[in-house]
1. Just give me the residues in region C:210-232 being within 9 Å of chain B (Cβ to nearest Cβ) and touching a residue at least 24 places away in the same chain (Cβ under 8 Å), in sequence order.
2. Out of the residues in region A:121-153 that are facing chain C (nearest Cβ under 10 Å) and among the polar types (S, T, N, Q), which is surrounded by the most Cβ atoms within 10 Å (Cβ to Cβ)?
3. In region A:213-227, how many are of a type outside the set (S, T, N, Q) and part of a loop (DSSP other than H, G, I, E, B)?
4. Of all residues in region A:29-51, which are surrounded by 22 or more Cβ atoms within 10 Å (Cβ to Cβ) and either modelled with pLDDT under 90 or in a loop (DSSP other than H, G, I, E, B) (or both)?
5. Taking region A:92-115 as the region of interest, how many residues are part of a loop (DSSP other than H, G, I, E, B) and either at pLDDT 90 or above or buried (at least 17 other Cβ atoms within 10 Å of the Cβ) (or both)?
6. Filter region B:141-177 for residues that are charged (D, E, K, R) and surrounded by fewer than 16 Cβ atoms within 10 Å (Cβ to Cβ); which is farthest from B:THR248 (Cα to Cα)?
7. Among the candidates C:LYS59, C:LYS87, which residue alone is modelled with pLDDT under 85 and part of a loop (DSSP other than H, G, I, E, B)?
Amino acid sequence: MIINVDSPVLEIHDLTVSYDQSPVLWNVDLSLPAGKLIGILGPNGAGKSTLIKAVMGLIPITGGYVKLFDRELNEVRSRISYVPQRESVDWNFPASVLDVVMMGTYGKLGLFRRPGKKEKKIAMDCLEKVGMQAFVDRQISELSGGQQQRVFIARALAQEADLYLMDEPFAGVDMATETAIFQLLQEMTAAGKTVIVVHHDIHSAMNYFDWIIMLNLHLVASGPKAQVVTEELLRKTYGGKLNLLTKVTDIIRQKDFNPLKS
Amino acid sequence: MSDFVYFFTFQDSSIAFVVIGITLLGIGSAYVGTYSFLDKKALLGDAISHAVLPGICLGFMLAGEKNPIYIVTGAFLSGALATFLTSWLKSNTRLSDDAIIASILSIFFGFGVVLLTVIQKSGNPEMAGLNQFIFGNAIAILEEDLYIYGGLAILIIITLTAFRKEFSMLVFNADFGKSIGYPMGAIRLVFNVLMILAVVIGIQAIGVVLMAALLIAPGAAARFWTDKLGKLLLIAGAFSAVSGILGTYVSFVIPQMPTGPWVVVFLSLFAFASFLFAPKKGVLSRFIARRYYLKKTHQDHLLKLIYHGLESGKNSFPIEEIYESFPYRKRQTKHTIDELLKTDLLTLNQGLIDFTSKGKSEAKRIVRLHRLWELYLNEYMNIAPDHVHDSAEKLEHILTPELEALLENRLNYPKLDPHQEAIPRDNDEL
Amino acid sequence: MMLRKMSMTGDAISHAVLPGIVIGFFVSGSQRGLEVIIGAGILGILATLIIDWLKNKAKVQLDASIGITFTLLFAIGIILINMLAYKVDLDQECVLYGEIAYLPIDLWITDAGFSMGPRITYLAVLNLVLVSAFIFLLYKELNLTSFDENFGLVIGLPAGAINLALMSMVSYTTVSSFEAVGAILVVALLVVPPATAFLWTKKLTSLIKLTCALGIFIAITGYYMAYLVDSSIAGMMVAVGGIVFLGSAFVKSIKPNWIFGTSTSIKPLEN
């Protein structure tokens, strides 16, 4: 069950991605509509993070291509925002909450220029949207997990983008934060932004998202949640790895080079 | 030339002693260093090497001369203190590992240099020998020193060999060891002691600054030749010993050259040679493997080309047409055809290419694998028919007979692929 | 460098530039100037490239890549010093710990015959100006790529180029300080002040200010103590730095145990 749309905000064509010698995503084909809250689901190691990182150009692509707003990534970077997993960063870094959120404005600011009043205002507004305005000068090492997540989201908001890609923003976060973030995401999509979220829990996914993508090393399904969350598709996603695919991956990994790379 | 003979036939017993000393100390350092390397804490050895300097100087100052017992003890205490401070800082501050190691390394070294210059100013004639600790001078190893240093080296080698199981667990997965009841804390302590001792004796030959090379390079190089720990240690030891001997030889022939740098040069030669030329893991080997693979894929593609021709009704294949099918690659295509002729998969008769029965079977196999994989991608992974070709084109060369059987089974011995083309089997008639 | 967790890389680069310095000395004869800095810069970049090649293409562990690269380059440097001794006015000890005491005598005399003061002062000022300018211009970029390099890449910052530029700064600074404190003790001045400051504050601006203050303090105190004890000036500076560092570590962590009894030692937030 793969539903495609005309004039998609994100189009992925025959995408194959290898990570460290083994293929992680096989021939993914999908297109996503604008203005929706989209969840990416799948078991561990299914390639969810890999998909987002490949779209953002952080991991090299071994086949296929990605189009955002019908253009190449480099042409539209200022319209895309990325929220990485929380563990990808050392929270001991000497920075205040405001410092981190302001980083979201650096893309538009450009090299060498110093952030000024305008950037600070944007940052403060974003902090308010995530409910962290009281923590403006707090050191990030003193924040709880939920607060750290909100800061990351505020940074993403400060980018003032049209498309947001978030990697497990609800992981390890308290209930209040989760509800608050979800509400924020809904406001964003109501305002016309597209938000794509890697998520880990199928139950809450049903409540949160309009559109769901299911991955298991390949694309199992992509479409409005009612049509996609069926027992059969869930089984295909979570019901264990494809035996053959695993064996082929094993063979590829044993070689000293990646035969999938041209 | 005569130097060479003189050196290597050990006519001079002091040279023989030096060579024995270097060999033992090289092997000891390589062993300890390899474990440290596997523990991904290679640079800790660098820190400890620098950290023993103040201890050496203090030992010298207390003894008034280059007394090995004082020096070893001093170095040992100094190294132990550095190791202790490193772990203490790790558990009690927020500093990152690299900042801690770099700080301890340079601070202890700084103290050492202070003491060294104090000794220098005091005008003690023995002091000239101390310089050997900074840059290494294997030739200066005296016979008496050798008994102590050699003895320690043997102790290190024996301990590491006897307790291989324990030390492997330490570097591979210490928590597991702890959970099954091994005294990992004590084992770690013993390991640190051995490391400090290895450093103390190693710096005789190579000096404080370059000691890290003697610990890191042998293991890193040996790692490219084998995956088994026992062999790894042996190869590392060999690299280290040989480099040590060669470095000493250079010092012998050119007396004003310190030994240390030359040992490092030889170690690095071994290391880079390993990184480039080791079978399977070396850069060159991987390159060759890839080239060979590409050659084979070209052969497969050529066989497929002819088979597809047969499928669409052609029955003669002039060699020129085949060249044209692979534009700009005439030479490669020629090689490929030669290879296929040699392995009896094709025949060439008056400019026309044809299959042998073996060749036809092989071509069928490849086409079959291609189409089976396309079918698998299409049916099991919902991938559109026009997107399955690229993946199949790449994988048809590596799918094994076992996988082929699985595919056939899973897909239920299908007749057609997603493009409605027949899946060829050996009993078909075209 | 500390915030990027590259202290040991800094250590490696300060060793690796030695061949560049020696060749620079050799090429320029007795006039020590631009050639040395260029030589060191090239070696610094070369070292970074070799480490990258080893790690990414040859697939060697990072710590081993660093260790092998810097020891090889430093060894080559020492060998060159020995081989070129007839023309190069360096000796091994000087390489290690420099000799500031002689530098006041090494004056910069203009063509007109005026003495402009010690040459090293001008080199040091130039170094300070360039490094400050670098950090000032790329302040937010350095910050961002040190905190979250992936995010930097995503918003289009040239993270790789920034990194290389930073390594070049390290090479350049190593060379400038080389004559004063020697190759190895440069590391101490690179690494210890920031590590010490990090024990006292978590705010970036305070961190930088405190690091500078500590650097100045260590330099001045070290100099005078070396004079008192008649030892290597550079070594003494490092020793002073060490005492300040270890003292800070001790003070900043033992106190809670005394005061709060059963409170555990400071650990970074587990999240």
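The values are calculated or read from the model by the stated rules, or taken from the named source; none is laboratory data. For clarity, every value in this text was computed on a predicted model and none was experimentally measured. Note that each Cβ is placed from the backbone with ideal geometry, even for glycine, and that neighbours are counted across all protein chains shown.
1. C:SER232 - this is the single residue of region C:210-232 that is within 9 Å of chain B (Cβ to nearest Cβ) and touching a residue at least 24 places away in the same chain (Cβ under 8 Å).
2. A:GLN149
3. Total meeting the criteria: 1.
4. Residues satisfying the conditions are A:GLY42, A:ALA46, A:GLY47.
5. Result for region A:92-115: 5.
6. The extreme case among them is B:ASP175.
7. Only one candidate passes the filter, namely C:LYS87.
This table checks each residue for (1) among the hydrophobic types (A, V, I, L, M, F, W, C); (2) away from chain C (no Cβ under 13 Å); (3) within 30 Å of C:PHE74 (Cα to Cα).
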residue	(1), (2), (3)
B:ALA241	yes, yes, yes
B:PRO255	no, no, yes
B:TRP262	yes, no, yes
B:LEU269	yes, no, yes
B:LYS296	no, yes, no
